[in-house]
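Read the structure below first, then the notes.
The values are calculated or read from the model by the stated rules, or taken from the named source; none is laboratory data. Bear in mind the structure is a predicted one, so any value in this text is a computation, not a measurement. Don't worry about glycine lacking a Cβ; one is built from the backbone with ideal geometry, like all the others, and counts go over all protein chains shown.
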Amino acid sequence: MSFIKFLTSKVFWRHVAIAVAGIGLLILIIFQWLRIVTNHNQKIEVPDLSKQVLSDVEKTLDELDLRYIIIDSASYNPDYPKKSVIRQNPEPGDIVKENRQIYLTLNPSGYRSIAIPEFYGKTRRNVETTLRAAGFEIGNKPTWVPDRGKNVVRGLQHKGENIEIGDKLPKKSIIELVLGDGNI
C-alpha cells in the first residue's frame, strides 16, 4: 500500500477522528479541573486589619478562610497599640481567593533600646545634639555641679539614676544633663 493510498483510507481518517476527539476530551477535562482547583469566580475582599491585635486578626481571617504570616516588626509607632498590625499585604479592599496568605507587619511592644554615646567632658550643645540624633529627649532641668568648665557635661541621668556610657535606654527616653557650673 502506498503512502498516498494510506492517507485516503478510512482507517487513517478513523484514527485521526479518534485522536482529535481524545485531545478535545483531555482539554475539556483539564479546563474543568483547573476551574475547580483555582476556585474560579471566588472573591473574598481583604479586610482592614490595621490597629487590630493578633487575636482579633486571627478570628477575622478564620471567618474568611484566609491565613496570615507575620513577616516583620517595624519601628515602634506610638499611634498604634502595642503588637497590633501596622501594614498588611494584600492591601485592604483587594480581592483574593480562599486560603490566601495575608502578610502582616506588627508594631513592637516599645521603642528599641539605644546605647548611650560618649558624653563626658563635651559641651552641652554637642551632647544635646548627639543625644537627640540618637533618638533621646533632653530634659529641661539640668543639674549643676561645681566644676571649672561652664556647661561641660559631667554626667547624665534618667529618672534620677546616673547613666554611664554604653548603657541602653529605650528611644525617646528623657535624659537630664549634669553640667559644670564654671565656678571653680
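Only one entry in Asp56, Asp65 is at positive phi and surrounded by 10 or more Cβ atoms within 10 Å (Cβ to Cβ), namely Asp65. Out of the residues in segment 42-61 that are among the aliphatic types (A, V, I, L, M) and within 19 Å of Gly93 (Cβ to Cβ), state the one that is modelled with the lowest pLDDT. Only one residue tops the list, namely Ile44. Residues in segment 117-139 include at least one that is hydroxyl-bearing (Ser, Thr, Tyr) and surrounded by fewer than 14 Cβ atoms within 10 Å (Cβ to Cβ). From the list Ile69, Ile36, the one residue that fits, being in contact with a strand residue (DSSP E or B) (Cβ under 7 Å, 6 or more places away or on another chain) and outside any loop (DSSP other than H, G, I, E, B), is Ile69.
Wholly within segment 104-184, which strands (runs of 3 or more DSSP E) include no fewer than the required count, namely at least 1 residues that are without any contact (Cβ under 8 Å) to a residue 24 or more places away in the chain, closer than 30 Å to Lys83 by Cβ and in contact with a Leu (Cβ under 8 Å, 6 or more places away or on another chain)? Walk me through how you get there before you give the answer.
Values: elements: 113-115, 143-145, 150-158, 161-163, 168-170, 174-181.
In segment 104-184, 150-158 are the strands (runs of 3 or more DSSP E) which contain 1 or more residues that are without any contact (Cβ under 8 Å) to a residue 24 or more places away in the chain, closer than 30 Å to Lys83 by Cβ and in contact with a Leu (Cβ under 8 Å, 6 or more places away or on another chain).
Does Phe12 satisfy the condition of being in contact with a helix residue (DSSP H, G or I) (Cβ under 7 Å, 6 or more places away or on another chain) and aromatic (Phe, Trp, Tyr)? Spelling it out, Phe12 is indeed in contact with a helix residue (DSSP H, G or I) (Cβ under 7 Å, 6 or more places away or on another chain) and aromatic (Phe, Trp, Tyr). When Arg35 is tested against (1) farther than 30 Å from Pro170 by Cα; (2) surrounded by fewer than 11 Cβ atoms within 10 Å (Cβ to Cβ), only condition (2) is not met.
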